[in-house]
Amino acid sequence: MGQDQTKQQIEKGLHLYQSNQTEKALQVWMRVLEKSADPAGRFRVLGCLITAHAEMGRYKDMLKFAVVQIDTARELEDPDYLTEGYLNLARSNEKLCEFQKTISYCKTCLNMQGTTVSLQLNGQVSLSMGNAFLGLSVFQKALECFEKALRYAHNNDDKMLECRVCCSLGNFYAQIKDYEKALFFPCKAAELVNDYGTGWSLKYRAMSQYHMAVAYRKLGRLADAMDCCEESMKIALQHGDRPLQALCLLCFADIHLSRKDVQLGLLKLHCLCERIYRTKGQQRELRDHVVKFHECVEEMELYCGMCGESIGEKNNQLQALPCSHFFHLKCLQTNGTRGCPNCRRLSVKPGYV
């Protein structure tokens, strides 16, 4: 496969990926990697594979392609390619929580001054180093790196980088318990997504919504936290981002614990896990969570006493009678009874829920 054909196939993969046909895009890129004789084209397609696996949360595969990419960069003997390759090695190790390796690769990038790419990527390098220092709880150095990355973003008018830095700053301030700032920065990231993110990956919206959810929960604004977490989870499910799905599940559990409704937290957890395993086609795990979901429903008596369907799976209008038993409004209207079908107590004026 020659240079022109390699370029065409890479663009074809990008079009598929942007159309949310991820697996087809990966197949196209893997064929390019196997057949292309153009080292620069191979380097670029490896970059596509690294980004795609990062967004899907497949961090071991991300590292595998980053290692191949740095070997390709050495073959090309070009400092620009080497800088980008070392950055991808840093980002891969950051995702795998190998923070010391991340810092080491970031320092290698920063030492390669004078190349065209290094000047463009210094903001991303500073961001990755800041995330690594935060992972090691070295807060002062983390903040210095984030501020440096933010300056690069402002100086280069890089809104995408600014969005990522704001999310990391949200995480930083949540860890040091300044929850007002922990909310301010992801809200700023969400504004950037709304104003400039038409052509961006949906992961930027998901990131900002997740960090907003964490801050809202810490501030006791639980309804807002739930809305943001549900939005983030929806995108994570759509893109198969399992690490973000896990973070959202933990956030959902924390929200329900804050509300003191532990059983509802478990119910939500089993419902979301069921959706994840159904999407993945993992039947055994799916059956386990369906059973646990219905056990929670039985324990909490969250089912209509007339038709027997569980309450909370679908958006239905409900009525609660004075005896506190729940029913579908349509079931009560169809039945026409004046008393509770469960306990036979006479109802007075049913209230809407």
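The values are calculated or read from the model by the stated rules, or taken from the named source; none is laboratory data. Keep in mind the model is a prediction, meaning the values are calculated, not measured. Using ideal geometry, Cβ is built from the backbone for each residue, glycine included, and neighbour counts are taken over all protein chains shown. In case anyone asks, the SASA skips ligands and DNA or RNA and just uses the protein heavy atoms, side chains included. Shrake-Rupley method; radii C 1.70, N 1.55, O 1.52, S 1.80 Å.
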Exercise. LEU136: out of contact with any strand residue (DSSP E or B) (no Cβ under 6 Å at 6 or more places or on another chain) and within 19 Å of LEU46 (Cβ to Cβ), yes or no?
Worked result: no
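So which residues in segment 181-208 are out of contact with any Ser or Thr (no Cβ under 9 Å at 6 or more places or on another chain) and aliphatic (A, V, I, L, M), if there are any at all? Quick ask: steps written out before the conclusion?
Restricting attention to segment 181-208, the residues satisfying the condition of being out of contact with any Ser or Thr (no Cβ under 9 Å at 6 or more places or on another chain) are 181-184, 194-200, 202-204.
Passing the criteria: ALA182, LEU183, LEU202.
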Exercise. Among the residues of segment 136-143, is any touching a residue at least 40 places away in the same chain (Cβ under 8 Å) and part of a helix (DSSP H, G or I)?
Worked result: no
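This table checks each residue for (1) more than 30 Å from GLN21 (Cα to Cα); (2) of a type in the set (D, E, K, R).
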residue: ILE50; (1), (2): no, no
residue: VAL67; (1), (2): no, no
residue: ASP71; (1), (2): no, yes
residue: SER92; (1), (2): no, no
residue: GLU98; (1), (2): yes, yes
residue: LYS101; (1), (2): yes, yes
Exercise. List, please: which pairs have Cβ atoms under 6 Å, are six or more places apart or on different chains, and start with a residue in segment 222-235 that is in contact (Cβ under 8 Å) with a residue 24 or more places away in the chain and end with one that is part of a helix (DSSP H, G or I) and among the aromatic types (Phe, Trp, Tyr)?
Worked result: ALA225/TYR216; CYS229/PHE252; SER232/TYR210
For this session: Return the total of residues in segment 144-160 being open to solvent by 10 Å² or more (accessible area, probe 1.4 Å) and either touching a residue at least 40 places away in the same chain (Cβ under 8 Å) or not acidic (Asp, Glu) (or both).
Result: 10
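Considering each of GLU295, GLU285, GLU231, GLU299 in turn, give the residue that is among the acidic types (Asp, Glu), surrounded by fewer than 18 Cβ atoms within 10 Å (Cβ to Cβ) and at pLDDT 65 or above. Before the answer, list the steps.
Values: GLU295 fails: at pLDDT 65 or above; GLU231 fails: surrounded by fewer than 18 Cβ atoms within 10 Å (Cβ to Cβ); GLU299 fails: at pLDDT 65 or above.
Among GLU295, GLU285, GLU231, GLU299, only GLU285 is among the acidic types (Asp, Glu), surrounded by fewer than 18 Cβ atoms within 10 Å (Cβ to Cβ) and at pLDDT 65 or above.
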Problem set entry | Residues of segment 13-35 satisfying the condition of being at pLDDT below 85, in contact with a helix residue (DSSP H, G or I) (Cβ under 8 Å, 6 or more places away or on another chain) and of a type outside the set (Phe, Trp, Tyr) | ASN20, THR22
Seminar exercise, completed: By residue number, the members of segment 204-259 that are hydroxyl-bearing (Ser, Thr, Tyr) and farther than 21 Å from GLU191 by Cβ are SER258
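Sort through TYR81, TYR86 and tell me the only one that's open to solvent by less than 50 Å² (accessible area, probe 1.4 Å) and farther than 24 Å from ASP178 by Cβ.
From the options TYR81, TYR86, the qualifying one is TYR86.
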Seminar exercise, completed: Residues of segment 174-197 being open to solvent by 90 Å² or more (accessible area, probe 1.4 Å) and outside any helix (DSSP H, G or I), in sequence order, are LYS177
Exercise. Taking segment 61-72 only, how many residues are more than 24 Å from the chain's Cα centre (by Cα) and either crowded, with 23+ Cβ neighbours inside 10 Å or not in a helix (DSSP H, G or I) (or both)?
Worked result: 1
Problem set entry | Checking ALA225 against (1) surrounded by 19 or more Cβ atoms within 10 Å (Cβ to Cβ); (2) at pLDDT below 65, the condition it does not meet | (2)
